[in-house]
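S.K.: Please read through the structure below; I'll follow up with questions.
The values are calculated or read from the model by the stated rules, or taken from the named source; none is laboratory data. From a predicted model like this one, the values you see are computed outputs, not experimental measurements. Neighbour counts are summed over all protein chains in view; Cβ atoms, including those assigned to glycine, are modelled from backbone coordinates with ideal geometry. For the accessible areas, the whole protein counts, side chains as well, though only heavy atoms, and no ligand, DNA or RNA atoms are used. Shrake-Rupley method; radii C 1.70, N 1.55, O 1.52, S 1.80 Å.
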Amino acid sequence: MLELFLSQILNGVVIGFVYALIALGFSLVFGVANIINFAQGALLMLGAFLTFTMVRLGAPIAVAIPLAIAITTATGMLIERLALRPLQNAPYIAPLLSTLAIAIIFDAAAEMIWTAEIQSFPSPLSKYVVFVGSAYLTGVDFLIIAVSLSVMAGLMLFLSRSWMGKALRATAQDPEAATQMGINVPLMRQFSFGLAGALGALAGVLIGMYYMSVFPQMGIPYGLKGFAAALLGGLSSIPGAIVGGILLGIFESLASGYVGEGWRDVIAFSVLLLVLIVRPHGLFGNKSLDALGGASGATGGIPTTSVVASMAGATGRTKQRLIEAPLLVLLGVIALFALLPALGGSNYLLQVGTQAAIYAVLAVSLTLLTGSAGIISIGHAAFFGVGAYAAALAGRNWGIPAEAAFLLAGVAAAVFAAVLYWPTIRLSGHTVGLATLAIGQIVYLVCLNWVDVTRGPMGIPGVQRPSLLLGGIDMKSLAAQYWQALVVLAIAVTIAFAMLNSPIGRTWRAIREDRLAARASGVPVSRYLTLVFLVSGFLAGLAGAQFAFLQNFVSPESFMIDTSIVLISMIVLGGLGNITGALVGGVLLALLPEVLREFAQYRMLAYGAILLLLLRFRPQGLAGTR
Amino acid sequence: MSMSTPNSAALVIDKVNRRFGGVVAANALDFTIRQGEFLAVVGPNGAGKSTLLQMISGVIRPQEGEIRLGGRRIDRLTPEAINALGISRTFQTSRVFPMLTIRDSILVGTQVGLIGGGRSPRRYGPVGELVSALFRLPGYRASAAAAEARAEEVMKMFGDRLWPRRNDQAFSLSYANRRRLEIARALVQDPDILLLDEPAAGMNPSETDELTEIIAELRRSRPSMTIVMVEHKLQVVRQLAERCIVMSQGTVIVDDTPAGALEDPRVIEAYLGTKRSAAAFGKVNDDG
Ligand SMILES: Nc1ncnc2c1ncn2[C@@H]1O[C@H](COP(=O)(O)OP(=O)(O)OP(=O)(O)O)[C@@H](O)[C@H]1O
Ligand SMILES: [Mg+2]
């Protein structure tokens, strides 16, 4: 009993040191460049895999590690130069999405190069073991502690003594004053990304040694944990990061010891959420996260919390043309598509068409939330999943007819969205993206691990389709599924249209643009955000039910973070807050993997690249941001 | 000036303190603003004028003391709750909604009236509003149309500054027009108390005169509206205000009529410090 406890604590402390390293990378970039770097995890993965590859090619590990760290450092600096610096005039949401796109691209590229499998990582020190009572520590554990402590001490000295370190801190405190003092601020930003890359790579190598394995998707979870640690520690001090990392390590280690390994990450991400909600400035921190998206946002002269406004917009340099079709036109186009089965569309076409309609519903649902109300949602797949599971479970476990399950799925997703996103109401800017990403991961992991209800990775087969009481037509045919999906789409478009063109939609946009001004004008912000959670969740739930009916099957993998990111790419492609744009973006990106069928495995790579290029060259999207 | 008989809708600032780190922005502020009064607040940069408005409107909370409206304590309420009690404001650095059109920005000010509270006869709960907007129910549409009419009326108060540009996005507006837009957004609510933070800042002399005339006209048409105006342009204060509070380092140093307050030697000293600038103060601002 006590032994388990003791050894879990020891494990937690050791892995906590690694989290502290990741946390420092985050804090440096956050402090100097004022953005949350979602690519931090990707750099970590890169460092680990470079080491892995070099060792496999025969390099001694002592050579491979420094080399990998050097390459990752350069990569970090390159990311800043190519993916962030050109975005100075882009909308405020752009840098966040840009680092996210980088993360996706790295992830996908790594899967292509090294396959999606877990690879075993060289860990020569793990064979040395020291017993501490009945618990034990390996050589790797000692290495982690020794390396982390010396790196942190070195970093502390560097920041306080060296000219570069001082310049870095000056930039973090006041970039304008730093510029006046002759400090090259862009260079400092780039340098902070390089340092973050080095710390990330080191952490990646240590994680590889600790678990004796690495896998291409390790970036996102470890990135999130690093951020959780940084946040716990207050984002501003090195000792804070150590304490935050160790606390997080102990929490999740106890969780995995007592609840089960599968729940380790659920606990870690819940800690992240909890801190964001309860103490956004961390346990010791003084730097408030509210600074993000706050008064000095991207627009220079105009204070705004807007995620879509931009410096270029504020100075009126980009005149965007807004393309918005009237509701009747949109419904007419949907009606035209309904003719496809009559025109002899093949089963393959109908299948693809149904998928596209489902994605279009999701894009419309997300554009209300992220585009109009400005809540950056990187966890939207969660509500899609809740809808799908609700529809599947309703028939299977509770004997509810499939027709009613449709509605139930919408309502369940609406309630989940309102409850799960409620905590984000007090957050702003990039922090919301972080919180919603964590929420999406938690929902996915719960679906995966709560085997009693969801059957875990096996999924739920045999989902019954609705017959919709239309005697005569075989409602279970593929054509009927296609029509049904189009009806859902028509409903979603109508609802979204009514909302966006009513005083409610206007109020959402006002909240997005300047929350304080909206409140001072009497707008009860939490009420209107709850409303958008409900509506957006409801539509995502309908899409989820339709998806479950189409597949006759649900499993967690359809609701992974990839789906959330594809959805974001869709609405950015079309133009945020614009229904026509959401439909165009949704359909285009849903069809993309079908068009490029031979390259299906490059799908995520393509999405990442499209997102990155869009943010750079057409941040307002194809149809314009409303 | 004696504040002996505060009437029912008086705004009472009761021994209010507020510090930011070592900076004292409000130091035992203690005075009453009567209903229908036009109060100007002047003082050097950093005197705590904006902080006073921030505290009245609920954006910043006092650390000690109370603020009461008609006997009711409001300093713990949220900005939206305070606004619903009839207090509207503008910000020193204009806070417009950059991507919204002028028309939409001003209509945001009518939203409270639309959904209840405020000054609209109809009230909607959250579900009620959702259903009404979804099915475009007649009552809701009528409220929205009334709001549009009200917004038009307010835009036209500013001559052809706002109305012809009603479909332009706020970010494209000139500095002076952003100030006008903010004032319009506050006025559309027909508030009982209007808080203006340097409404004439950044306006040239003719624009300043134009704004002064608009506020004077507002004063004639709505004499019961209390106006609290922070303003550095002293001729605007002289022309509009009935009472003038001079603040320095978080405290009220003079509370008098504008003419009395602006002549007070303590004021000239606090405002400008040196003799040379005191002379400039006399010249520039008296000659306008
Ligand atoms: N949110 C804040 N955080 C920290 N300090 C603040 C904050 N708001 C105001 N202060 C400080 O409080 C003091 C009073 O500020 P305030 O804005 O009320 O002055 P003011 O009289 O409006 O000056 P100005 O004429 O320049 O607008 C200043 O020293 C200011 O720096
Ligand atoms: Mg001020």
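S.K.: As an exercise, use a Förster radius of 45 Å and the Cβ-Cβ distance of A:ARG616 and B:ALA259 to find the FRET efficiency, rounded to the nearest 0.05.
M.R.: Efficiency at R0 = 45 Å is approximately 0.15.
S.K.: Keeping the other protein chains in place, figure out the carbon and sulfur percent of the accessible area of the range A:318-617, with a 1.4 Å probe.
M.R.: 69
S.K.: Quote the relative contact order of the range A:14-149 in percent (integer), defining contacts as alpha-carbon pairs under 8 Å separated by 6+ residues.
M.R.: The normalised contact order for the range A:14-149 reaches 27 percent.
S.K.: With an 8 Å cut-off on Cα pairs and a minimum separation of 6 or more residues, tell me the relative contact order of the range A:318-617 in percent.
M.R.: Once divided by the residue count of the range A:318-617, the mean separation gives 36 percent.
S.K.: Right, next: Summing both sides, how much accessible area is buried between B and A? Use a 1.4 Å probe and give Å² to the nearest 100.
M.R.: 3200
S.K.: Same structure, new question: Test of understanding: what is the full-extension gain from A:ARG279 to A:LEU67, defined as 0.36 nm times their sequence separation minus their Cα-Cα distance?
M.R.: Using 0.36 nm per residue and subtracting the Cα-Cα distance, I get 72.4 nm.
S.K.: Straight-line reach from A:LYS127: which aspartates and glutamates have Cα under 16 Å away, leaving out those fewer than 8 places along the same chain?
M.R.: A:ASP141
S.K.: Tell me which residues come under 5 Å, amide H to amide H, from A:PHE553 once H is placed; ignore anything under 5 positions away on its chain.
M.R.: Distant-sequence amide H within range of A:PHE553: A:VAL463.
S.K.: Write down the Å³ per residue value for the convex hull defined by the alpha carbon atoms of the range B:15-98.
M.R.: In the range B:15-98, the Cα hull volume divided by residue count equals 123 Å³.
S.K.: Can you give me the pair-distance distribution of chain A, C-alpha pairs, 10 Å bins, whole percents?
M.R.: Calculated P(r), rounded to whole percents: 3, 16, 27, 26, 17, 8, 2, 0, 0.
S.K.: Right, something else. So what's the net charge close to A:ILE15: Lys and Arg +1, Asp and Glu -1, counting the other residues with Cβ under 12 Å from its Cβ?
M.R.: Charge balance near A:ILE15 sits at 0.
S.K.: Moving on to the next point. For chain A, find the longest principal axis of its Cα atoms and tell me its angle to the long axis of helix A:603-617, 0 to 90°, nearest 10.
M.R.: 90
S.K.: Using the alpha carbon gyration tensor of the range A:318-617, what are the three equivalent-ellipsoid semi-axes (square root of 5 times each eigenvalue), largest first, in whole Å?
M.R.: 29, 23, 20
S.K.: Related question: Spin-label point model (7 Å from Cα, Cβ direction): what's the B:PHE135 to B:ALA81 distance in nm?
M.R.: A separation of 3.3 nm, rounded to one decimal place.
S.K.: Would you mind working out the accessible area per residue for the protein assembly as shown, using a 1.4 Å probe, and quoting it in Å²?
M.R.: Per residue, the protein assembly as shown has 38 Å² of solvent-accessible surface.
S.K.: Set the Förster radius R0 to 41 Å, insert the Cβ-Cβ distance between A:VAL329 and A:GLU403 as r into 1/(1 + (r/R0)^6), and round the FRET efficiency to 0.05.
M.R.: 0.85
S.K.: Net charge around A:ILE35, counting only other residues with Cβ within less than 12 Å of its Cβ (Lys, Arg = +1; Asp, Glu = -1)?
M.R.: Once all neighbours under 12 Å are counted, the net charge is +1.
S.K.: Which angle between 0 and 90 degrees, to the nearest 10, do you get for helix A:430-449 versus the longest principal axis of chain A when only C-alpha atoms count?
M.R.: Helix A:430-449 sits roughly 80 degrees off the main axis of chain A.
S.K.: Quick one: how many lysine pairs does chain B have with C-alpha atoms less than 18 Å apart and a gap of 8 or more or different chains? Give me the count, please.
M.R.: 4
S.K.: Quick one: compute the contact order of chain B, relative version, from alpha carbon pairs under 8 angstrom and 6+ residues apart, as a percent.
M.R.: 25
S.K.: In straight Cα distance, which aspartates and glutamates are under 19 Å from A:LYS166, not counting same-chain residues fewer than 8 positions off?
M.R.: A:ASP174, A:GLU176
S.K.: Carbon and sulfur: what percent of the range A:130-187's accessible surface (1.4 Å probe)?
M.R.: Exposed carbon and sulfur together represent 67 percent of the surface.
S.K.: Could you tell me the center-to-center distance, by alpha carbons, between the range A:484-544 and the range A:56-75 in angstrom?
M.R.: Answer, in whole Å: 49.
S.K.: Can you sort B:GLU80, B:GLU217 by 1.4 Å-probe accessible area, starting with the largest?
M.R.: B:GLU217, B:GLU80
S.K.: Per Stokes-Einstein, at 4 °C and 1.567 mPa s, what whole-number D in µm² s⁻¹ belongs to chain B, with the Kirkwood radius over Cα pairs as the hydrodynamic radius?
M.R.: 65
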